[in-house]
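Single-structure report; data block below.
The values are calculated or read from the model by the stated rules, or taken from the named source; none is laboratory data. Computed from a predicted structure; not experimentally measured. All Cβ positions, even for glycine, are placed from backbone atoms using ideal geometry, and neighbour counts span all protein chains on display.
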Amino acid sequence: MVLFEGLLGLGIVCLLAPAIAQFAGIRKKAARGYNWIATAGLLFILAATFEIAFWTDIGLTQIAGWGSQLFQIIGWIFVLVGVLSALFESLK
């Protein structure tokens, strides 16, 4: 259950990052990078949904584990691309 809370928290933080950047006025320069980070937040929330008890109740624990790991990896790739893109766009 700790993994679920961690992934859900990570997803919410990734979704809040573009909103805070918009509030601070720095999102205009690096909008593409923040869009990647927001998408990563959605992927982390999707990965967290694979950790809920529904999947274990119907006997699909192995598929749930694979799905969670897959979307976590894709989410981290999106975070990496988003951060690098935002960094390079803001330094132009």
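Contact annotation: no residue pair with Cβ atoms under 9 Å, 6 or more positions apart or on different chains, pairs a residue in the stretch 62-75 that is under 14 Å from A40 (Cβ atoms) with a partner that is at pLDDT 95 or above and acidic (D, E). Do we find a residue being in contact with a Phe, Trp or Tyr (Cβ under 7 Å, 6 or more places away or on another chain), surrounded by 14 or more Cβ atoms within 10 Å (Cβ to Cβ) and either at pLDDT below 90 or not charged (D, E, K, R) (or both) anywhere in the stretch 56-63? No, the stretch 56-63 contains no residue that is in contact with a Phe, Trp or Tyr (Cβ under 7 Å, 6 or more places away or on another chain), surrounded by 14 or more Cβ atoms within 10 Å (Cβ to Cβ) and either at pLDDT below 90 or not charged (D, E, K, R) (or both).
For the stretch 32-55, which positions are at pLDDT 85 or above, out of contact with any Lys or Arg (no Cβ under 9 Å at 6 or more places or on another chain) and aromatic (F, W, Y)? Across the stretch 32-55, the qualifying residues are W36, F44.
Determine whether the stretch 32-53 contains at least one residue that is loosely packed, with under 15 Cβ neighbours inside 10 Å, in a helix (DSSP H, G or I) and touching a residue at least 12 places away in the same chain (Cβ under 8 Å). Yes, because at least one residue in the stretch 32-53 is loosely packed, with under 15 Cβ neighbours inside 10 Å, in a helix (DSSP H, G or I) and touching a residue at least 12 places away in the same chain (Cβ under 8 Å).
Of all residue pairs spaced 6 or more apart or on separate chains, those with beta-carbon atoms under 8 Å, a first member in the stretch 8-31 that is modelled with pLDDT under 90 and a second member that is not in a helix (DSSP H, G or I) are K29/K92.
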